[in-house]
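Working notes for the structure below.
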Amino acid sequence: MYKPSQARPKLATRAAVAAILLICGSVAPAYAQRPAEGPVADGWRALQAGRLLTARRSFTDALEASPQDVRALEGLARVAAREGDAAEAIGHYEAALRHAPDTARMRVAVGMLLSDMREHGRAVEHLRQATELDAENAATWSAYAQALWRVEWYPQAATAYQRAITLDPSDAWSLVGLGDTHLRAGELDEAIAAYDKALEQDADAHAAHCGRGAALSKLGKFDAALASLRQAVTLRDDYGPAFYEMGVVLQHQKEYEDAIRAFGRATQLNGWDAPSVTNIARCYARLGKRDLARKAHEHAAKLQKAQSDHAIATAYTSQYPDLPDGYVGLGAVYARMGQNSEAIKAYKQALARAPRNVAAHFGLGDVYLNARMIAEAADIHRVLVTLRPGDIETRAMLGMLLRELGEEDESRTVLLTAHALSSARVTESGHANDWNLLAYVLYAQADYAAAESAMTEAIRLNPIESSYAGRLAQIRAARAAPR
């Protein structure tokens, strides 16, 4: 079953996040009271200006001179978080806290990062300590409540949200968080009461309308639920959870076509939304459209696998933040989901930790190829050739990329080397895959007749290899194409 608050926790603590950002934003001016000289001060100025590379360089220089400089460690944590490297940011924050354990703002910041990475035990502990250090800060209590909510400690989360609301009764988003907590605990009347109070503070709190609609739906009040959900999407037409809940209501009302449209919009907004796709399959089944139902079920299974793989890779990066493997895993998941920019970032994070990691280079090269980023793909394949000089396929691909970039001389040189290597393998052993590699190189050299002969020999030697027929067809199509 879909859990509506899965896509809402950050929205439910908008005021908390804003306050935390305000706290973090005040760090640099506080430091400015010290002598505004030296690499730490330079780093904070660069960070405020958004010059992350300069800031990183300054903070790193400061740590080389003084490895226990808390301001430099916190600065590096902020840089890493801005760059999207949560594992690195957590490491710097926790290093800083070893030297300054009573700094509440850093405990809040690292706690929220850990919570996002599903390191719930560590997150809750940091945030609990933050509430002890800064007991009168509503934003701190709201952040603590969110972490408790994520670990499904609903009574404790409700208590923390109530504390945040007591400290700041006008905070609509803590009221939304309280409503979400009651909703997840099955306390529907209490959830609706919290959402209503949130809407008294902010009538445009779309998540409150959505949560209210979800609670009314569970009570069987479908018309009222639909009204609340339509209000939510009127306020935010890109708010996926409201479209999901709308689909649930329409499904209950047996309006299957409309439900499919609502669930479809939810999946447009969140391509990882397996529950919406599962419900689309159910609606198709109700309509008797078995083929469409089967395809939707298959897609939902793919999404669930991707979510599982993503969780495993994220947990690995949290446990081993200095190793590349988790980031390679994340890159592979993102690439499989077609999220090229996220895949590129993950592979680059892997390479930042292990610059000669072959798997990260291969993954990054494939993403660049899929994104038609030819120059970047060529650069990666140049590196791969140095890392794996005997890899014939990589050389052939590099040759084709260089030719597409107009680097004819370099392309010719690379392909001649690949041809010599593949010919030598055919002469030495002559296995089916040796002929397959030679065919690939000949194809890259645009010698399609010779490539077809080599591929035919590979098929003769190994007729059960399913990929060979497709490669032969590709060669023949190139040979037949007008030049």
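When residues in the range 372-420 are screened for being open to solvent by 70 Å² or more (accessible area, probe 1.4 Å) and small (G, A, S), 0 of them pass. Answer yes or no as to whether V79 is touching a residue at least 24 places away in the same chain (Cβ under 8 Å) and surrounded by fewer than 24 Cβ atoms within 10 Å (Cβ to Cβ). Answer is no for this residue. The set of residues in the range 308-347 that are of a type outside the set (A, V, I, L, M, F, W, C), within 20 Å of Q268 (Cα to Cα) and surrounded by 15 or more Cβ atoms within 10 Å (Cβ to Cβ) comprises H310, Y334, Q339, N340, E342.
Would you tally the residues in the range 94-115 being surrounded by 17 or more Cβ atoms within 10 Å (Cβ to Cβ) and farther than 14 Å from A72 by Cα? Summing the residues that are surrounded by 17 or more Cβ atoms within 10 Å (Cβ to Cβ) and farther than 14 Å from A72 by Cα in the range 94-115 gives 12. The number of residues in the range 207-243 that are in a helix (DSSP H, G or I) and open to solvent by less than 40 Å² (accessible area, probe 1.4 Å) comes to 20.
Please find, among A28, A65, A18, the residue that is modelled with pLDDT under 95, open to solvent by less than 40 Å² (accessible area, probe 1.4 Å), of a type in the set (A, V, I, L, M, F, W, C) and more than 29 Å from G326 (Cβ to Cβ). The unique qualifying residue is A28.
The set of residues in the range 59-81 being of a type outside the set (A, V, I, L, M), over 16 Å from A352 (Cα atoms) and part of a helix (DSSP H, G or I) consists of F59, D61, E64, R71, E74, G75, R78. Condition check for A359 on (1) assigned to a helix (DSSP H, G or I); (2) in contact (Cβ under 8 Å) with a residue 12 or more places away in the chain; (3) open to solvent by 40 Å² or more (accessible area, probe 1.4 Å); (4) within 26 Å of G111 (Cα to Cα): one failure, at (4). Considering (1) under 26 Å from L269 (Cα atoms); (2) surrounded by fewer than 24 Cβ atoms within 10 Å (Cβ to Cβ); (3) without any contact (Cβ under 8 Å) to a residue 60 or more places away in the chain, the lone condition that R184 does not fulfil carries the number (3). Open to solvent by less than 10 Å² (accessible area, probe 1.4 Å) and either under 30 Å from R395 (Cβ atoms) or in contact with a helix residue (DSSP H, G or I) (Cβ under 6 Å, 6 or more places away or on another chain) (or both): is that true of A300 in this structure? Considered against the rule, which asks whether it is open to solvent by less than 10 Å² (accessible area, probe 1.4 Å) and either under 30 Å from R395 (Cβ atoms) or in contact with a helix residue (DSSP H, G or I) (Cβ under 6 Å, 6 or more places away or on another chain) (or both), A300 comes out as yes.
Scanning the range 331-358 for residues that are touching a Pro at 6+ places or on another chain (Cβ under 8 Å) and closer than 20 Å to R395 by Cα gives a single hit, N357. The helices (runs of 4 or more DSSP H) falling completely within the range 425-481 that include 3 or more residues that are farther than 18 Å from L415 by Cβ and open to solvent by 50 Å² or more (accessible area, probe 1.4 Å) map to 448-461, 466-480.
The values are calculated or read from the model by the stated rules, or taken from the named source; none is laboratory data. All values derive from a computational prediction rather than experimental measurement. In this analysis, Cβ positions are derived from the backbone assuming ideal geometry, glycine residues included, and neighbour counts consider all displayed protein chains. Ligands, DNA and RNA are excluded from the accessible area calculation, which covers all protein heavy atoms including side chains. Shrake-Rupley method; radii C 1.70, N 1.55, O 1.52, S 1.80 Å.
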